[in-house]
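Worksheet for the structure shown next.
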Amino acid sequence: MSFPTDTASLIRAWYTWGVAIAFAVTFVTTLWIFFDSQSNDYHTPLWRWLSLLMAMIVIPSVMLSFAPELAAGLPPVLIDLFAIAGIGATVVSLLSLILYGLGIAVTFPEPESDTAGGGLNALAADPATPPPAVIGRVVTPPRGMQPITTKEKITPQRITPTGNDTIRIKNALDNELPLAWIVILNGPFAGQEFRLQRITDIGREPDHNDVVVDDRTISRQHARIRYEKGAFVIYDLASANGVYINGERVQRRVLTHGDRIKLGQVMFGVVIVHEDEASRPDANPGQDIHLTLGE
């Protein structure tokens, strides 16, 4: 099989063996985009309809290739146009698959809880699970974690390091952190919660991140959240799809309670429990104080 060097040879090669390859490429591309986006709940009308259109453009060439007698009554110019259109459609179909794989023009539908208001119950996978709340002076973290009193959290521990006692030092530093989580709001991982540490790396690569989200629109090492001078600060680690805070793309931003973090097409909600909210003098110890994310 030799690659054609002129237009006439290219068209002959197209109707000889190129049509079969083009049909396979466009057919597989269309099926892949439709079924993959459907199974993962991706909203991608552009690539769905473009891939389908490209497959339809190749069909006339397929018919002429498998039934040459149909070309008897057609002008040669039209036959050549079918071939050129089919070649272009194959190239566009391949580009559509590549861009879809990179997550370009691929979005999740916004979750109802993200626009319809509501409190932290909207962040949990199970609506019956109680959200993080401050009850009197006891902070109740998400499911599966034991309640921790604010007194225990803000009281520094005395440590006398001996040798490489880095684990004890790290635990002491972590105890000085405010209670904070990020919660996935949409997509197949909605409801997953991650406690923020002094340094929290977010990405797709399990070996290099504390928060691992297996989503194609998230980079291997996408973002980092650091606790600096009494606040959590997020950094974009040169990601492909960027870091957005409340709809604005940022390179660095201080996080506040209720922020929406968008990494690729995955939306996170920020939950921060401040010590002053748990110990303010006007708080009634017998009354529950629920923290809600702003709309």
Would you mind getting me the FRET efficiency between ALA67 and ASP214? Use the beta-carbon distance for r and R0 = 51 Å, nearest 0.05.
0.65
Suppose accessible area is computed on protein heavy atoms with a 1.4 Å probe; arrange TYR42, TYR227, TYR244, TYR100 from highest to lowest.
TYR244, TYR227, TYR42, TYR100
What ranking, highest mean first, results for peptides 212-223, 262-273 when packing means the other Cβ atoms within 10 Å averaged over each residue?
262-273, 212-223
Just the number please: accessible area per residue for region 181-237, 1.4 Å probe, all protein chains included, in Å².
43 Å²
Peptides 178-188, 70-80 ordered by average Cβ neighbours within 10 Å, highest first
178-188, 70-80
At 1.4 Å probe size, with the rest of the protein present, what percent of the exposed accessible area of region 29-73 is carbon and sulfur atoms?
74 percent
Ordering of 82-95, 9-22 by burial proxy (mean other Cβ atoms within 10 Å per residue, highest first):
82-95, 9-22
Suppose R0 equals 30 Å. What FRET efficiency, 1/(1 + (r/R0)^6) with r the Cβ-Cβ distance, do ASP36 and GLU205 give to the nearest 0.05?
0.90
Taking the Cβ of VAL254 as the center, what net charge do the other residues with Cβ under 15 Å away carry, scoring Lys and Arg +1 and Asp and Glu -1?
+2
Taking a crude spin-label model, label points 7 Å out from Cα along the C-beta direction, the ALA85 to ASP6 distance in nm is 2.6 nm
At a probe radius of 1.4 Å, what is the per-residue accessible area of GLU176, in Å² to the nearest 10?
100 Å²
Take the alpha carbon gyration tensor of region 1-88, find the square roots of its eigenvalues, order them as a ≥ b ≥ c, and report rounded if a/c is under 1.5; if not, report prolate when a/b exceeds b/c, else oblate.
prolate
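The values are calculated or read from the model by the stated rules, or taken from the named source; none is laboratory data. Since the structure is predicted, the reported quantities are computational estimates derived from the model, not experimental observations. Cβ: placed from backbone, ideal geometry, glycine included. Neighbour counts: every protein chain shown. These area figures cover heavy atoms from the full protein model, side chains too; ligands, DNA and RNA do not enter into them. Shrake-Rupley method; radii C 1.70, N 1.55, O 1.52, S 1.80 Å.
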